Amino acid sequence: MALAEQVDEILRAGKSPHFHGLVVMRSGEVVLERYGSGPDYRLGDSLGHVEFDRDTLHDLRSVSKSVVALLYGIALGEGLVPEPGAGLVAQFPEYEDLVADPARAHLTIEHALTMTLGLEWNEDAPYTSPANSEIAMELAPDRYRYVLERPVIEEAGKRWLYCGGATALIGGLIARGAGKPLEEYAATALFEPLGIGAFEWSKGEHGTVSAAAGLRLRPVDLAAIGQLVLDGGRDIVPGEWLQELLRPRVVLGEGFEYGYQWYVSTGESRWAGGMGNGGQRLLIRSEDELVVAVTAGEYDQGAASTAAVLDAVLDA
């Protein structure tokens with residue numbers, strides 16, 4: 001059965017009830033687009049029932065993290081941010097007490113990029129509760145201090161612990177180095193060169209964008225970012241950075257690892273990508289020049305709707 005027929009059968013059968021959008025690219029060309037409808041949210045704000053089409057922006061949730069990692073590489077190539085091996089807390093000299101703390105002296109930017117900070121952090125609670133560390137960060141008087149002063153629970157670099165605060169720090173470093181808000185730098189450094197004119201980046205309590213989860217793009221533009229990575233950066237993102245970005249660094253499970261804010265499958269089916277709450281996905285598979293972008297509305301419930309569609313695409 002052809003790819004389009006497989007996807008359409010899944011959607012007709014109701015096997016992907018929270019499906020919102022799909023874009024598949026092969027060898028640089030869009031070969032399939034499908035859009036659905038249903039209730040949606042901009043982070044915690046209800047958007048009501050939405051009829052999705054090619055021009056509808058959609059939350060990327062934590063796929064935002066993978067985009068931030070691309071922006072860090074661009075900024076690094078421009079000399080705006082330190083190398084990953086540089087000390088992390090030292091980049092925030094206003095927190096003199098934290099800079100002077102010997103227990104935090106070994107933290108590097110790379111530890112933030114790989115989510116191996118060794119600091120206390122918990123995002124298991126719903127993203128509507130201050131028991132969730134990311135929400136608590138947004139409610140804190142100073143988001144960067146909140147992250148950096150979390151209790152040290154183990155040596156950095158030893159274990160992966162999901163941490164939106166790590167991405168907030170990376171976004172802060174980019175903004176400081178560029179001398180402009182993260183969303184403005186993203187517009188000129190990444191989106192405009194790709195021809196992406198429409199985007200939003202939701203802001204937190206402090207008027208600063210949520211680097212970890214707030215980016216909103218059209219699925220076709222998300223796929224274009226995946227194609228950029230597949231193409232080796234095209235002089236927009238340094239190719240050397242992409243090699244570092246996608247290099248497996250932390251084992252998450254059998255055949256499943258983490259690079260710099262990107263997931264990497266090292267199993268039988270090799271791919272790299274970003275994942276976001278509710279079923280947001282960006283996957284690239286170099287062996288068959290494939291890019292897949294999926295959006296869905298299964299927030300805080302899992303990603304079964306996305307899995308049904310993704311499996312059909314990857315199997316085909």
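Taking a straight Cα-Cα cut-off under 17 Å and skipping sequence neighbours fewer than 8 places away in the same chain, the lysines within cross-link reach of residue 65 are 203. A value for Cα Rg over 2.2 N^0.38 Å was derived from the coordinates, and within the list (i) 1.02; (ii) 1.56; (iii) 0.96 it appears as (iii). Modelled spin labels at residue 184 and residue 129, positioned 7 Å past Cα toward Cβ, are 3.8 nm from each other. Loop by DSSP (not H, G, I, E, B), at most 15 other beta-carbon atoms within 10 Å: where is the longest site-free stretch of the chain for GluC sites (Glu not before Pro)? So the longest stretch without any such site is 1-77. When the inverse distances between all different Cα atoms of segment 72-169 are averaged and flipped, the Kirkwood radius reads 13.9 angstrom. Among 171, 278, 48, the residue with the largest mean-square fluctuation in a Gaussian network model of the chain, with springs joining Cα atoms closer than 10 Å, is 48. Of the trypsin sites (Lys or Arg not before Pro) found in segment 188-296, the ones in coil according to DSSP and having at most 15 other Cβ atoms within 10 Å of their Cβ are 234, 270. The modelled label-to-label distance for the pair residue 105/residue 176, using points 7 Å beyond Cα in the direction of Cβ, is 1.9 nm.
Computed over neighbours whose Cβ is under 9 Å from that of residue 250, the net charge equals +1, Lys and Arg +1, Asp and Glu -1.
Tell me what the chain gives for mean residue ellipticity at 222 nm when only DSSP H runs of n ≥ 4 count, each as -39,500 (n - 2.57), the sum divided by the residue total, rounded to 500 deg cm²/dmol.
Mean residue ellipticity at 222 nm (helix-derived): -8500 deg cm²/dmol.
Considering only the other residues whose Cβ falls under 14 Å of the Cβ of residue 96, what net charge follows from Lys and Arg at +1 and Asp and Glu at -1? Local charge sum for residue 96: -3. Computed with the Debye formula from one identical point scatterer per Cα of segment 257-312, without solvent, the log10 of I(q)/I(0) at q = 0.22, 0.24, 0.28 Å⁻¹ comes to -0.88, -1.01, -1.20.
Taken along the Cα-to-beta-carbon direction at a fixed 7 Å, the label points for residue 26 and residue 155 span 4.9 nm.
Laboratory data are not the source of any read-out in this text; all were calculated from the coordinates shown. It should be emphasised that the depicted structure is a prediction, and the values quoted were computed from it without experimental measurement. Methodologically, a virtual Cβ is constructed for each residue, glycine included, from the backbone with ideal geometry; neighbour enumeration extends over all protein chains shown.
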